[in-house]
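Readers should treat all values here as calculations from the given coordinates under stated rules, not as data from a laboratory. Being a predicted model, the structure only gives us computed values, none of them experimental. With ideal geometry, Cβ positions are generated from the backbone for all residues, glycine too; neighbour counts draw on all protein chains shown.
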Amino acid sequence: MNRWLAFMTVLTMMLAGCVTEETVTGDEEPSVVETAPTATMFPSWSADDHNNLSHANDEFSNLSYMAYFSAPWCAHCESTIDAYDLVIPEGRIAVFSMEAREEYANMSEWQNRTEVNLNRTLTRPFMLHPELAKSVDVKSIPHAVFVNEQGYVYHVEIGKETNLTYIQSMWDLTASARFNTTTGWSPSPPEAAA
């Protein structure tokens with residue numbers, strides 16, 4: 001019985017994996033499937049701000065910037081816009097209201113109330129753009145999108161953020177980030193983005 005079991009074990013090992021005859025010609029390249037690195041382009045947009053001045057994504061051609069989404073009724077969002085405003089360079093934040101209801105459509109009122117509550121002047125454009133908010137899938141606020149100079153979304157920060165050191169770090173990474181369709185991001189985005 002032991003010899004029979006040993007014979008069957010050896011036979012099984014010799015035949016393992018050999019179920020069909022395979023012809024190898026040597027001409028064939030091994031099949032390797034590679035996926036190209038991906039990045040999301042921030043959508044094109046245009047809007048009028050609280051001073052009735054027109055703005056568009058073209059203003060940021062070859063410049064990194066932040067698209068900040070909030071709403072006039074969001075009181076806890078004010079400390080976040082305050083922190084971003086203190087760190088992000090002048091002319092590099094576009095503030096968008098994601099709120100579509102008419103009673104919140106006055107961007108001048110929102111901008112003025114925010115300045116009063118923060119006790120300082122804000123020179124960032126406040127714009128009504130619920131369609132843009134939908135297109136970038138804004139579901140909760142505050143919602144900050146860090147866009148690199150190529151127009152790609154490098155990082156998305158959702159929720160209250162007041163850590164100036166962290167914001168500066170994210171801004172510095174975004175400002176230096178480049179996307180290559182062959183090699184991907186350099187430097188790599190934080191795990192929440194991509």
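Please give the net charge around ALA175, taking every other residue with its beta carbon less than 12 angstrom from that of ALA175, where Lys and Arg add +1 and Asp and Glu add -1. Every neighbour counted, the sum reads 0.
Net charge in the neighbourhood of TRP45 (other residues with Cβ under 13 Å of its Cβ; Lys, Arg +1, Asp, Glu -1) is -4.
Classification of the stretch 82-144 by its C-alpha gyration tensor yields an oblate form. The axis ratio a/c (a ≥ b ≥ c) is 1.5 or more, and b/c is at least a/b.
Once you order the gyration tensor axes a ≥ b ≥ c over the Cα atoms, which shape class does the stretch 46-186 get: rounded for a/c under 1.5, otherwise prolate or oblate by comparing a/b with b/c? The shape class here is prolate. Where does the charge balance sit around THR162 when Lys and Arg score +1, Asp and Glu -1, over other residues with C-beta under 12 Å from its C-beta? Once all neighbours under 12 Å are counted, the net charge is -4.
Annotation for the stretch 86-135: trypsin sites (Lys or Arg not before Pro) lying in DSSP loop with at most 12 further Cβ atoms inside 10 Å of their Cβ are ARG101, ARG120.
Rounded, prolate or oblate: which one fits the stretch 110-160, using the alpha carbon gyration tensor with axes a ≥ b ≥ c (rounded when a/c is under 1.5, else prolate when a/b beats b/c, else oblate)? It comes out prolate by the Cα gyration axes. Remark: ASP48, ASP85, ASP58 ranked as ASP58, ASP48, ASP85, counting other beta-carbon atoms within 10 Å and listing the fewest first.
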